[in-house]
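Here's the structure we're looking at; comments come further down.
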Amino acid sequence: AVRSFATTSSRQNAIKTVTVIGGGLMGSGIAQVAATTGHQVVMVDQTDDILGKSKASIQKSLQRVVKKKFAEDPKGGEQFVSDILGRITTQTDSNAAVANTDLVIEAIVENIDIKKKLFSSLDKAAPQHTIFTSNTSSLPIGDIAVSTQRQDRFGGLHFFNPVPMMKLLEVVRIPATSDETFNKLSDFGKAMKKTTVDCKDTPGFIVNRLLVPYMIEAVRMVERGDASFKDVDTAMKLGAGYPMGPFELSDYVGLDTMKFILDGWAVNYPDNPLFQPSALLDKYVAEGKLGAKSGEGFYNYKKK
Ligand code: 3HC
C-alpha cells in the first residue's frame with residue numbers, strides 16, 4: 001500500500017504541462033516529442049508567422065514517423081498526428097505562456113543577456129513550483145540561473161538534433177539545483193522516452209565537450225590541406241562507423257551554432273588549444289553559409 005501511495009504521489013507531482021520558448025529547430029523538436037509522449041505543450045516565439053512555420057515543421061516530421069509506424073493504417077496515422085498537434089498550442093507572450101506550466105524549456109538565441117532578461121521576467125510570471133531549464137549548448141547554466149530567485153528549481157535539459165530521433169537527453173545540474181528538481185527533470189526525460197545522463201554544468205556537458213573539438217579538428221585538418229572535407233567524411237563514416245561525417249554533421253548542426261559554442265568556450269577558457277577559433281569556420285559564417293538550413297555550408301543543399 002505504501003508503495004502504491006508513493007507511485008501515485010510521484011505521478012501527481014510529475015511534469016504534465018511544458019512551455020517551450022523558441023520555435024526553431026530545437027524548440028520545435030522538443031515540443032513535438034513532449035506532445036508525442038502525452039504532455040500538454042505551449043510553444044512560444046516572437047510572431048505567429050514563425051510559430052506557423054514551427055508547427056509546419058513538426059507536422060512534416062510527424063509525417064515521417066507516420067510513414068513508418070502507420071504504413072498499413074492511414075486513418076490511425078491521421079489520428080496520431082491530430083492528437084499530437086492538438087496538445088500543442090502557441091503563444092507570442094512568454095509571460096502569459098508560463099502562467100500555468102510545470103516546466104519551462106528555453107531554446108532561444110544563444111545570447112546570455114537575452115536569456116537572462118527572459119528568465120528574470122518569467123520568474124515573476126510563473127508559479128512557485130515551475131522548474132526552469134535551458135537547452136543551451138554554449139553558455140553555462142549557472143550564468144543564466146542567477147537572473148532568477150529560483151536557482152534550486154533551475155537546471156539544463158540538453159537535447160540533440162534531430163530531437164525525435166536522438167535517444168539521449170543530458171540532464172544538467174548546477175550546485176544550487178535541488179535533488180527534487182533534478183529527479184523531476186530526469187523523470188521527465190524518461191517520460192519523454194529518452195535515455196538520460198547526469199551532467200554537471202561543465203562546458204559542452206558530455207556530448208559536445210567531445211563532439212565539438214572533434215568536428216573543429218576536422219575543420220583544422222582541411223585548413224592545413226591534409227585532406228579534402230569529403231574524404232574526411234568518408235573516412236569517419238566508413239572507418240569509425242559514424243552515421244554522418246564531421247562536415248555533414250557540422251552542416252546539420254549549423255555552422256553558426258558551432259561557432260557560438262566555440263567562441264563561448266574560447267572566452268572562458270582562452271588557454272585551451274581545442275577551443276581556439278577557426279578561420280575557415282568564421283569565413284563560412286560571415287558569408288552566411290550556415291549549413292543545411294541556409295542552403296549551403298561545406299556542402300550545397302540548394303535544389304538544382
Ligand atoms: N523527424 C522524424 N523522423 C526523422 C527525422 C526527423 N527530423 N530525421 C530522420 N528521421 C527518420 C525518418 O524515419 C527517416 O526516414 P525517411 O527519410 O524515410 O523519412 C529515417 O530517420 C532515416 O533518415 P535518413 O534516411 O535521412 O538518414 P539516416 O539513416 O542517416 O538517419 C539521422 C538520420 C538519424 C539524422 C542520422 O544520420 C544520425 O544519427 N546522424 C547524427 C546526428 C547527430 O549526431 N546529432 C547530434 C548533433 S549534436 C547536437 O545536436 C547538440 C547541439 O548542442 C549542437
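Can you name every residue in region 11-26 that is under 17 Å from residue 95 (Cα atoms) and of a type outside the set (Val, Ile, Thr)? Residues satisfying the conditions are 22, 23.
Residues in region 227-246: is at least one in a helix (DSSP H, G or I), among the small types (Gly, Ala, Ser), closer than 19 Å to residue 282 by Cα and not assigned by TED's automatic domain parsing to the domain that holds residue 161? Among the residues of region 227-246, not one is in a helix (DSSP H, G or I), among the small types (Gly, Ala, Ser), closer than 19 Å to residue 282 by Cα and not assigned by TED's automatic domain parsing to the domain that holds residue 161, which makes the answer no. Regarding region 171-180, can at least one residue be identified that is among the basic types (Lys, Arg) and in a helix (DSSP H, G or I)? Scanning region 171-180, I find no residue that is among the basic types (Lys, Arg) and in a helix (DSSP H, G or I), so the answer is no. Pairs linking a residue in region 88-113 that is assigned by TED's automatic domain parsing to the domain that holds residue 26 and under 22 Å from residue 139 (Cβ atoms) to a residue that is of a type in the set (Asp, Glu) and assigned to a helix (DSSP H, G or I), with Cβ atoms under 7 Å and 6 or more positions apart or on different chains, are 112/143. For region 114-124, the criterion of being modelled with pLDDT of 95 or more and polar (S, T, N, Q) is met by at least one residue.
The criterion of being crowded, with 21+ Cβ neighbours inside 10 Å and among the aromatic types (Phe, Trp, Tyr) does not hold for residue 70. The one condition from (1) within 22 Å of the chain's Cα centre (by Cα); (2) farther than 30 Å from residue 84 by Cβ; (3) assigned by TED's automatic domain parsing to the domain that holds residue 157 that residue 184 does not meet is (2).
Checking each residue in region 251-287 for being more than 25 Å from residue 225 (Cβ to Cβ) and without any contact (Cβ under 8 Å) to a residue 12 or more places away in the chain picks out 267, 270, 271.
Among the residues of region 189-200, is there at least one that is within 16 Å of the ligand (Cβ to nearest atom), within 16 Å of residue 35 (Cα to Cα) and surrounded by fewer than 18 Cβ atoms within 10 Å (Cβ to Cβ)?
Yes: one or more hits.
Only one of the listed residues (78, 110, 106) is at pLDDT below 95 and of a type in the set (Asp, Glu). That residue is 110. Looking across 81, 104, 98, one residue alone is hydrophobic (A, V, I, L, M, F, W, C), within 17 Å of the chain's Cα centre (by Cα) and under 19 Å from residue 30 (Cβ atoms). It is 104. Scanning region 21-35 for residues that are among the small types (Gly, Ala, Ser) and either away from the ligand (no atom under 12 Å from the Cβ) or assigned to a loop (DSSP other than H, G, I, E, B) (or both), which turns out surrounded by the most Cβ atoms within 10 Å (Cβ to Cβ)? Looking at the filtered set, the residue picked out is 31. Does residue 290 meet the test of being of a type in the set (A, V, I, L, M), buried (at least 17 other Cβ atoms within 10 Å of the Cβ) and free of Cβ contacts under 8 Å to residues at least 40 places away in the same chain? Yes, satisfied. Among residues that are β-branched (Val, Ile, Thr), assigned to a helix (DSSP H, G or I), in contact (Cβ under 8 Å) with a residue 24 or more places away in the chain and within 20 Å of residue 189 (Cβ to Cβ), residue 42 is not included. Summed over region 127-165, the residues that are within 16 Å of the ligand (Cβ to nearest atom), assigned to a loop (DSSP other than H, G, I, E, B) and either touching a residue at least 12 places away in the same chain (Cβ under 8 Å) or aromatic (Phe, Trp, Tyr) (or both) give a count of 12. Considering region 166-199, and only residues there that are among the basic types (Lys, Arg) and in contact (Cβ under 8 Å) with a residue 12 or more places away in the chain, the residue that is farthest from residue 62 (Cα to Cα) turns out to be 173.
The values are calculated or read from the model by the stated rules, or taken from the named source; none is laboratory data. Not measured: the values here are computed from a predicted model. Note that each Cβ is placed from the backbone with ideal geometry, even for glycine, and that neighbours are counted across all protein chains shown.
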